[in-house]
1. Could you tell me which of the pairs Lys74/Lys149; Lys166/Lys235; Lys74/Lys175 are separated by over 23 angstrom between their Cα atoms in the structure shown?
2. Take the alpha carbon atoms of the chain, find their radius of gyration, then divide it by 2.2 N^0.38 Å using N residues; give the quotient.
3. Going by average Cβ density within 10 Å per residue, which order do the peptides 33-46, 139-152 take, highest to lowest?
4. Cut-off 15 Å, label point 7 angstrom out along Cα-to-Cβ of Asn78: give me the residues of segment 94-117 whose amide nitrogen falls inside.
5. If you line up the Cα atoms of segment 59-153 on their principal axes, what length do they span on each, largest first, in Å?
6. For a test of the definition: using alpha carbon positions, the gyration tensor, and the 1.5 limit on a/c, classify segment 1-73 as rounded, prolate or oblate.
7. HN-Hα J couplings of segment 260-271 from phi, Karplus 6.51/-1.76/1.60, θ = phi - 60°, integer Hz, Gly and Pro as x?
8. What's the ranking of 92-103, 235-246 by average number of surrounding C-beta atoms within 10 Å, highest first?
Amino acid sequence: MEFLRPAGWAEALAAKAAHPAAVPLAGGTDVMVEINFDHRRPEYLLDLNRIGDLYEWEVGADSVRLGASVPYSKIMENLRGELPGLSLASHTVASPQIRNRGGVGGNLGTASPAGDAHPALLAGGGEVEAVSVRGMRMIPIDDFYLGVKRNALAPDELIRAVHLKKATGPQQFSKVGTRNAMVIAVCAFGIALHPETRTVRTGIGSAAPTPIRAKTAEEFLAAALDEGGLWESRKAVPPAVARQFAMLVAGAANPIDDVRGTASYRRHALGVLARRTLGWTWEQYRGQGRTASCA
Ligand SMILES: Cc1cc2nc3c(=O)[nH]c(=O)nc-3n(C[C@H](O)[C@H](O)[C@H](O)COP(=O)(O)OP(=O)(O)OC[C@H]3O[C@@H](n4cnc5c(N)ncnc54)[C@H](O)[C@@H]3O)c2cc1C
C-alpha cells in the first residue's frame, strides 16, 4: 500500500486525479477499521491530514461553510447556534475520542445509511462542495446518496466542505440505539423548521438503503401548520396532526431486519422519534415567540 501525503489542496487533487482509486484518509475512524479488519486493501491511501483548509469553518451572513475534516467535537463546541441539528447529531456519534477525529466529510465519504450526520444534513438542506482538477461543483444533499454506501462523488473528486444555511428555526435530532453511547443507530430522525419559508424538512437514518427525507410527511405538516395559521399564532400543534406526521414519517421508511433491529421496530421507533422531535421543535418555536414579544 502506498501512502500519499499531499501538503496542500492542489497537490491532493492532482494525486486523486493521477490515482482515482486512492482512498482518502481524514480522521480514519472508518478507513482504518476497514483496513484493520481486512475489508479493504487499497493500493493508495491519500492522507488529507496536512490540509489545514479542511479543518476550518466560516460563518457567513446566511450560511456556514464547514470544512470536510472539521471534527464533530468542534461542531458541538462552536456551531451549536448556527447548526443546532448537526450539533445534536454530532453529540450522538460514538465517543469523545472518535468525535475528536471523525468529521462530516468522512461520514459523507462512507455514505452509510446509519451515519449520524445525514439526517441533520438532509433536514438542514446542505450542499456538498466537491472538487477535482476539473473544477468545483455543489451537490445538493438530496442528490448525494445513491445507494448503500454509494455517493455521487466522481472517482477524481474530493469533498472540500459542506455548506448549510444557518438555522432560522428550531432543529432536532434523535437516535435510537441498543445502548446510550458508542452505538450505531437502529434508526435516527432529524427535523428542521424553516419559518421564513413556512417549510419543514426531515431526514431519516438507518431505515432505508440510503438516508432519506420523509417528503410526504414534510408537505403534510407544512400544509397543516399553514392552514391552521400556526406559524403566526404559535398555538400548539393539534395531536391529530402530530400523529399523522408520525405515521407518514414511519411510512416513508424502507427498513430491513438486521442484527440491530427489525424493520417493524424501526418503523415504530421512527414514528415515536418524529412525534417527539416535532413536539420539541414546536415548543422551542413557541418559546422564541414568547421571548420576542417580551423583549
Ligand atoms: C468505534 C466507532 C464508533 C463509531 N460510531 C459512529 C456513530 O455513532 N455514528 C456515526 O455516524 N459514525 C460512527 N462511526 C463511524 C465514523 O466515525 C464516522 O463515519 C466518521 O464521520 C468518519 O469520519 P472520518 O473523518 O474518520 O473519515 P475517514 O475514516 O477518514 O473516511 C471515511 C470515508 O470517507 C472518505 N473521505 C474522507 N474524507 C474525504 C474527503 N474530504 N473527500 C472525499 N472522501 C473522503 C474516505 O475515503 C472513506 O471512504 C464510528 C466509528 C468507530 C470506529
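1. Lys74/Lys149; Lys166/Lys235
2. 1.02
3. 139-152, 33-46
4. 100-105, by backbone N distance to the label point.
5. Largest first, segment 59-153 extends 35, 33, 25 Å along its Cα principal axes.
6. Here segment 1-73 falls in the oblate category.
7. Residue by residue, segment 260-271 yields 8, x, 8, 4, 5, 5, 4, 4, 4, 4, 5, x Hz.
8. 92-103, 235-246
The values are calculated or read from the model by the stated rules, or taken from the named source; none is laboratory data. Here the structure is a predicted model, which means the values were calculated and not measured. For neighbour counting, all protein chains shown are included, and Cβ atoms are generated from backbone atoms with ideal geometry for every residue, glycine included. These accessible areas exclude ligands, DNA and RNA; they are computed on the full protein's heavy atoms, side chains included. Shrake-Rupley method; radii C 1.70, N 1.55, O 1.52, S 1.80 Å.
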